[in-house]
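S.K.: I have a structure here, written as structure tokens, and I will follow up with some questions on it.
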Amino acid sequence: MSCNTCSRSFSLFLPEKGCPSCGFSYCSKCLNKKVFVAKLNTEKKVCAKCSRNKSDEANTIQPPDVFYSLCYHLLI
């Protein structure tokens with residue numbers, strides 16, 4: 001598995017972290033935006049996509065862009 005933003009492979013020295021807002025896998029360097037997460041009722045570090053969507057709580061969280069490119073390649 002690899003980070004959904006930078007695509008670096010996870011290892012012992014680069015552990016997998018889950019975004020508390022959307023649940024997708026990221027490395028600690030890509031979870032760098034601190035935002036209030038309503039479902040946890042606290043501030044947590046979230047991915048860039050969740051921090052951009054934070055302004056509109058009614059939006060559903062979309063998968064990272066890498067997810068769509070991987071799915072497209074699997075269909076071909």
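Taken together, the values in this text are just the output of simple stated rules run on the coordinates, not laboratory data. Bear in mind the structure is a predicted one, so any value in this text is a computation, not a measurement. As a convention, Cβ positions derive from the backbone with ideal geometry for all residues, glycine included, and neighbour counts pool all protein chains shown.
S.K.: If you stretched the chain out fully between Leu14 and Ala38, how much longer would it get, using 0.36 nm times the residue separation minus the C-alpha to C-alpha distance?
M.R.: 5.9 nm
S.K.: Can you list the HN-Hα couplings for region 23-28, worked out from phi with the Karplus curve (6.51, -1.76, 1.60; θ = phi - 60°), rounded to whole Hz and with x for Gly and Pro?
M.R.: x, 6, 8, 9, 8, 5
S.K.: For the peptides 22-28, 3-9, 37-43, 47-53, what is the packing order when you average, over each peptide's residues, the other Cβ atoms within 10 Å and list the highest mean first?
M.R.: Numbers: 22-28: 17.7, 3-9: 15.9, 37-43: 10.3, 47-53: 19.4.
In descending order of packing, they fall as 47-53, 22-28, 3-9, 37-43.
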